[in-house]
1. When you go through (1) under 17 Å from N67 (Cα atoms); (2) assigned to a helix (DSSP H, G or I) one by one for S5, which number turns out not to apply?
2. Are any residues in region 27-43 surrounded by fewer than 16 Cβ atoms within 10 Å (Cβ to Cβ) and in contact with a helix residue (DSSP H, G or I) (Cβ under 8 Å, 6 or more places away or on another chain), and if so, which ones?
3. State all residues of region 21-61 that are assigned to a helix (DSSP H, G or I) and touching a residue at least 12 places away in the same chain (Cβ under 8 Å); if no residue qualifies, say none.
4. Hey, L147 hits all of (1) at pLDDT below 75; (2) in a helix (DSSP H, G or I); (3) over 30 Å from P72 (Cα atoms) but one; which does it fall short on?
5. Would you pick out the residues in region 102-144 that are of a type in the set (G, A, S) and in a helix (DSSP H, G or I)?
Amino acid sequence: MARKSITPEILQVLEPYLDRKDNEWWNQTGERKPTLPTTSDNKVNVRQLVQEIGRKPSDVQHFFNKNELYDPINVLATVQSIGPIGSRVISKNDDDIARNELSRAKSTSKAEHEAYVEAVAEISRLRKENEQLRAMKNYFQETGCVLRQTEIKY
């Protein structure tokens, strides 16, 4: 037999709690301070929130895993300008994406640099070849004789 879901049980105490916190937020005058419990880095403190609603500490896991629980909290957190539940995971993913982009940019940059160096070398070679061809053309124009050269050296 399947276990009974704990979500409805938690929602029963969470919804009135969030309503109270929302009312407290809107009833503040002057500069508003978050009414949801926050960590030192201004994100939702789930452990304290679970304690405030009178649930067991082991229920913390459900707030990270069940969107029925973290979605309403994250909406209120966004209104209060604090980091939502799971924002550390989001920032870690953003950091990983940034690292990958930087790595790709470095490798692209390296490949572009190598292509640039090769292009400069090719341009230098072609300039030398052009100088030799001009010299041969000038010799022909001056003397009327064709220089027989199998290969142009540069």
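1. For S5, the failing item is (2).
2. As a first pass, look at region 27-43 and keep what is surrounded by fewer than 16 Cβ atoms within 10 Å (Cβ to Cβ): 27-33, 39-42.
Scanning region 27-43 gives a single hit, R32.
3. K21, D22, W25, V46, R47, L49, V50, E52, D59, V60
4. (2)
5. Hits for region 102-144 are S103, A105, S107, S109, A111, A115, A119, A121, S124, A135.
The values are calculated or read from the model by the stated rules, or taken from the named source; none is laboratory data. Just so you know, these numbers come straight off a predicted model, no measurement behind them. Cβ atoms come from the backbone with ideal geometry, glycine included; neighbour counts cover every protein chain shown.
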